[in-house]
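Engineer: After the structure tokens below, expect a handful of questions from me.
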Amino acid sequence: MTNTIFNRRAGFDYEIEEIYKAGLVLLGQEVKSVKNGQVSLKESFVTIHGHDLYLTNARIAPYAQAGNAASYDPIRPRKLLLRKNEIKHLIGKVRTLGLTLVPIRLYTKKRLIKLEFGLGKGKKKYDKRQKIAKRDDDRKMRQALKNL
């Protein structure tokens, strides 16, 4: 059974150029919450701190059966597990090209929890409007063909 949580805004707000996969450093109750699907990647992003990458602003709800964890922070930064050469490559791309690291989906693979994120370039407002207009036109065309 694979549980997948998507960041629906990633494809709309960013033009994704490259996709990477990484593991996450999580607490025990966070693993249970992720497997139950109690995660939100809305407004989350990947940040660089020194020579490490962190998933920031992702909300993982506290696990209900874990008891009272008063010190638990649901939106704390979580370290990503990547190889050093991948981290150096990503840091170079982000700093030189001004790209953003955008989380796309969080999923379980057997007993592991993985994050798929991409190097994204922010879309302009008119690009988003064009995409919405094209989608509406396609929908109207399909509807017209269906009614024939």
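The values are calculated or read from the model by the stated rules, or taken from the named source; none is laboratory data. Note that this is a predicted model, so its numbers are computed, not measured. We place every Cβ from the backbone using ideal geometry, glycine too, and count neighbours over all the protein chains shown.
Engineer: How many of the residues in region 115-133 are surrounded by 17 or more Cβ atoms within 10 Å (Cβ to Cβ) and either more than 15 Å from PHE6 (Cα to Cα) or of a type outside the set (Gly, Ala, Ser) (or both)?
Structural biologist: Number satisfying all stated conditions: 5.
Engineer: Restricting to region 88-112, name every residue that is more than 17 Å from SER44 (Cα to Cα) and buried (at least 18 other Cβ atoms within 10 Å of the Cβ).
Structural biologist: Correct list: LEU90 only.
Engineer: Separate question: If you check every pair at least six apart or on different chains, which have Cβ atoms under 6 Å apart with a residue in region 79-94 that is closer than 21 Å to LEU106 by Cα first and a residue that is outside any strand (DSSP E or B) and not aromatic (Phe, Trp, Tyr) second?
Structural biologist: The qualifying pairs are LYS79/VAL25.
Engineer: Continuing with this model, one more query. Condition first: closer than 18 Å to ASN7 by Cβ and surrounded by 15 or more Cβ atoms within 10 Å (Cβ to Cβ). Now tell me which residues in region 21-34 satisfy that.
Structural biologist: The answer is LYS21, ALA22, LEU24, LEU26, GLU30, SER33, VAL34.
Engineer: Do any strands (runs of 3 or more DSSP E) lying entirely in region 57-148 carry at least 3 residues that are more than 28 Å from LEU27 (Cα to Cα), at pLDDT below 90 and in contact with a helix residue (DSSP H, G or I) (Cβ under 9 Å, 6 or more places away or on another chain), and which ones are they?
Structural biologist: Passing ranges, in order: 112-122.
Engineer: Let me ask something else. What are the residues in region 50-61 that are closer than 10 Å to LYS79 by Cα and not charged (D, E, K, R), if any?
Structural biologist: Across region 50-61, the qualifying residues are LEU53, TYR54, LEU55, THR56.
Engineer: Between residues in region 7-25 that are part of a strand (DSSP E or B) and residues that are acidic (Asp, Glu), which pairs lie under 7 Å by C-beta distance while being six or more apart or on different chains?
Structural biologist: Sorted first by the residue in region 7-25, then by its partner, the pairs are ILE19/GLU116; TYR20/GLU86; LYS21/GLU116.
Engineer: Filter region 19-52 for residues that are of a type in the set (A, V, I, L, M) and over 13 Å from the mean Cα position of the chain (by Cα) and give the result.
Structural biologist: VAL25, LEU26, LEU27, VAL31, VAL34, ILE48
Engineer: Same structure again: Report, by residue number, each residue of region 29-56 that is polar (S, T, N, Q), over 20 Å from ARG111 (Cα atoms) and part of a loop (DSSP other than H, G, I, E, B).
Structural biologist: SER44
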